[in-house]
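Below is one structure; the comments refer to it alone.
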Amino acid sequence: MTPIQWTYLIFGIVIVLALVFDLGLFSKKNTKTTLKTAFWQSIFWIGLAVLFFGFMWFEDGSETAINFMSAYLMEKSLSMDNIFVFILIFSFFKIREEHYSRVLLIGILMALVFRAVFISVGVVLISRFHWILYIFGVFLLYTGIKMFTAKVSDEFKPEENIVYRFMNKYLRVTHEEANGKFVIRKNNKVYLTTLSLVVAMLAVTDVIFALDSIPAVFAISQQPVVVYTSNIFAVLGLRSLFFLLRGAVDKFDYLPQGISIVLIFIGLKMLAEYFIHIPVYVSLIVIILCLGGAIWYSLHHQKKEMPEGKA
């Protein structure tokens, strides 16, 4: 077997065992996830990614490993926007806290399937039409500038979501309390519950965010093994990150600006690749500095438009 094939094999084994361990020991049906549990789950998934980084360094070389870590950090930072939207969705539908874990798990697993399709299409397109990378570069540049200048009034509104409107219009959906069920039967008819609606919205929301994050990963590396593994590690750690940060996500006011600077840098790097090659470690350093700086600045400064007393 080639080194890349060994990497895929080890990655598959690690992910299957990790899911069994996570779901079997950390997760229990219809129970609230405590901050302590979320912390250890996050450490578990981040630790696995770091160990896999070390394995890739040994098996595939330092460049591939650094590309993986850069892509992983990019995906992890972009997932902060996912968490903010997930919180809005749960609040809007008044989902009981004991159902959060199960709904997130199913939504995230669905999102992984959609992302795998997106990545596969992207790999094929880039292999046949290399110039599409420059389109990705322009798109990332536009996205970064738009994110940097975004206003609070532009926040996500669940009631305007296309999935919400489509399912309510064309499918049988009931908003009554269903005791944690995804499907119920009324008057000899099958109805989807609010939990099913939320699962679909979580999955599609992640796909929408993937339109930004996947081109950003392709800007870092076009190796399928890097793109697939970094995405899967980042998304599988999203559930624990949600429970860990849901009470503190509003403290990172300037994180979107840090992420936007990273996207602008990645977009410019992609557009300049024809003229100049930027080493992979430079991208990693820029990502770490921008994200770390944005988090530090957020913790020490409060936005002027925020009401007093909000922390």
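The values are calculated or read from the model by the stated rules, or taken from the named source; none is laboratory data. Since the structure is predicted, the reported quantities are computational estimates derived from the model, not experimental observations. Don't worry about glycine lacking a Cβ; one is built from the backbone with ideal geometry, like all the others, and counts go over all protein chains shown. These area figures cover heavy atoms from the full protein model, side chains too; ligands, DNA and RNA do not enter into them. Shrake-Rupley method; radii C 1.70, N 1.55, O 1.52, S 1.80 Å.
Between the helical axis of 224-236 and the dominant principal axis of the chain, each derived from Cα atoms, what acute angle in degrees is found, rounded to the nearest 10?
So the helix axis and the longest Cα principal axis differ by about 30 degrees.
In segment 119-200, if every C-alpha pair distance is counted and binned at 5 Å from zero, what percent goes to each bin?
The distribution over segment 119-200 is 3, 11, 14, 11, 10, 11, 13, 12, 9, 5, 2, 0, given as percents.
Using the alpha-carbon atoms, what tilt in degrees (0 to 90, nearest 10) does helix 62-92 show relative to the longest principal axis of the chain?
Tilt of helix 62-92: around 20 degrees.
In Å, what is the Rg of the alpha-carbon atoms in segment 151-289, and how long is Dmax?
19.9, 67
Positive end of the charge dipole of the chain (Lys, Arg +1 and Asp, Glu -1 on Cβ, about the Cα centre): tell me which of Tyr142, Ile87, Trp40 has its Cα farthest that way.
Ile87
Binning at 10 angstrom from zero up to the longest distance, how are the C-alpha pair distances of the chain distributed in percent?
5, 25, 34, 25, 10, 2, 0
Per-residue counts of other Cβ atoms within 10 Å, averaged by peptide: what ranking do you get for 224-231, 90-97, 111-118, highest first?
Going from most to least packed, we get 224-231, 111-118, 90-97.
Cα-Cα over 27 Å: which of Lys32/Lys146; Lys169/Lys189; Lys76/Lys146; Lys32/Lys189; Lys36/Lys157?
Those over the limit are Lys32/Lys146; Lys32/Lys189; Lys36/Lys157.
To the nearest 0.05, how large is the calculated FRET efficiency for His130 and Asn168 if R₀ is 30 Å and r is the Cβ-Cβ distance?
In this case the efficiency is close to 0.10.
Count charges around Arg115 for me, please; just the other residues with Cβ under 14 Å from its Cβ, Lys/Arg as +1, Asp/Glu as -1.
That sum, taken over residues with Cβ under 14 Å, equals -3.
On C-alpha positions alone, give me the angle between the axis of helix 100-128 and the longest principal axis of the chain, in degrees, nearest 10.
Between the helix axis and the principal axis of the chain, the angle is about 40 degrees.
Packing-wise, with mean Cβ within 10 Å as the measure, how do 137-146, 257-266 rank, highest first?
257-266, 137-146
Scan segment 172-210 for trypsin sites (Lys or Arg not before Pro) in coil per DSSP, keeping those whose Cβ has at most 15 other Cβ atoms within 10 Å, and list them by number.
Sites meeting the loop and neighbour criteria: Arg172, Lys181.
R0 = 30 Å: FRET efficiency of Glu59 with Ile278, Cβ-based, nearest 0.05?
Using R0 = 30 Å, I get an efficiency of 0.75.
Roughly how many percent of the accessible protein surface of the chain is carbon and sulfur, given a 1.4 Å probe and a whole-percent answer?
Carbon-and-sulfur percentage of accessible area, whole number: 68.
Measuring from label point to label point, each 7 Å out along Cα→Cβ, what is the Leu109 to His175 span in nm?
2.9 nm
With the other protein chains left in place, how much accessible area per residue, in square angstrom, belongs to the chain at a 1.4 angstrom probe?
Per residue, the chain has 52 Å² of solvent-accessible surface.
222 nm [θ] for the chain, helices only, -39500 (n - 2.57) per DSSP H run of 4+, per residue, to 500?
Values: 11 runs with 218 residues, N = 311.
Only helices count here, giving -24000 deg cm²/dmol.
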